[in-house]
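Input: a single structure, listed below in structure tokens.
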Amino acid sequence: MNHRFFLLLLAALLDPDRRKLIELYESQIDALRSQIPGRLHFTTSQKVRMAQAAKALGRKALRELSIIVTSDTLLRWHQELVRKKWDYSKKRKPGRPNTKVEIKRFILQFAQENKDWGYTRLRDALKENGFSVCRNTVKNILKKHGITPAPQRNQGMSWAEFTQTHWEALVGTDFFTWEVLTPFGLVTYYVLFFIRQKTREVHIAGITANPDGCWMKQIARNLTMDESGWLKKGQIVLHDRGSQFCPAFRCILQNEGIKTLMLPFQSPNLNAYAERWVRSVKKECLSKMIILGEPMLRRVLNEYLNHYHAERNHQGLKAIPFPAPELSRGSPTGRILRRQRLGGILNFYYREEPNAAKRGVA
């Protein structure tokens, strides 16, 4: 307050008219501030003008005056003006370009396919294929995509990697049941089948109403016979933990050089091809018929296997596993013929052979 009185006295002595003018402005400002609610908004040019004038007066003098905004706000505006003056961000040239998408794709591919390759090995492999990247670039890209370094990445093997590595040797097996109408009423029959995962070839190993240990041992002997056995040495058989796959059954297979792999509890997805075949045979064939006796069940399954192998497209393979000869002999312009199985439940369409009509073949 003493400083304010001193300034007012000095201003009155030096220029009485200017002091009266300042007092008039202050009274008007006070009146306007009392009538305007809320926060005041200014344009950029208004801020520049007030900030420049405030800087010339200084913080001490500003605190003695009655102004619209605080002295701190005016000085902050002035600091922003100074920063904008020396801001050259818009004039900067582009920095280091981003890594090409193609290089990123190959880095991720090489790392996933070779789990024991470190950053340097990946960099060298890219260099051999015409891509020049530094070791840190490889490291940052793998880190960004959540891929761990080589020591941690090489620990263990996922189920998908295991199946791809042993694709040709994997054979899935399982049971499915079906109710068969007999003179003694409905009897539950167990069907044991095997499926090669690469080719989707299915083999019905046996059908019985009582899959006990003796029956399973005989099935194992049949599967491993020297000439006619369906399983070969070096194959891996995937099966669940059902009691039918007894130790004696597994022992016979292992003695013949066939490894058995018991799956975890409640994990049907690990034997997905076998589960999918059960769904197909039931939905496409068995559910549309009433099976009368075991011989009929065997005949129906045999017909479905012939259709499944040679006449039916597979979504996973995007082809027929073992195409029927008619597909290769047919003419692109020949008539489309139909072959029926099981009274039309299963149908196969193919082109007529050239000159078949003249020979009386249809």
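Derivation of every value follows stated rules applied to the coordinates shown; laboratory data play no part. The structure displayed is predicted, hence computed values, not measured ones. Note: ideal-geometry Cβ built from the backbone for every residue, glycine included; neighbour counts use all protein chains shown.
Couple of notes before you dig in:
- Annotation: extensible slack from K283 through R329 equals 13.5 nm (criterion: 0.36 nm per residue apart, minus Cα-Cα distance).
- Simple spin-label estimate for L337 and Y349 gives 1.6 nm between the two label positions (7 Å along the Cα-to-Cβ direction from each Cα).
- Per-residue Cβ neighbour rank within 10 angstrom, fewest leading, I345, I290: I290, I345
- Distance-filtered residues of the stretch 252-273 - backbone nitrogen under 20 Å, label point 7 angstrom along K198 Cα→Cβ: 257-261, 271-273
- Spin-label model, C214 to C134: label points 7 Å out along the Cα-to-beta-carbon direction sit 7.7 nm apart.
- For the stretch 286-348 and the stretch 107-140, distance of Cα centres in Å: 49
- Stretchable slack from Q112 to C246, in nm (0.36 nm times residue separation minus alpha-carbon distance): 44.4 nm
- Extended-chain gain in nm, criterion 0.36 nm per residue less alpha-carbon gap, F322 and L81: 78.8 nm
- Inter-label distance, T43 to K127: 6.2 nm, where each label sits 7 Å from its Cα along the C-beta direction.
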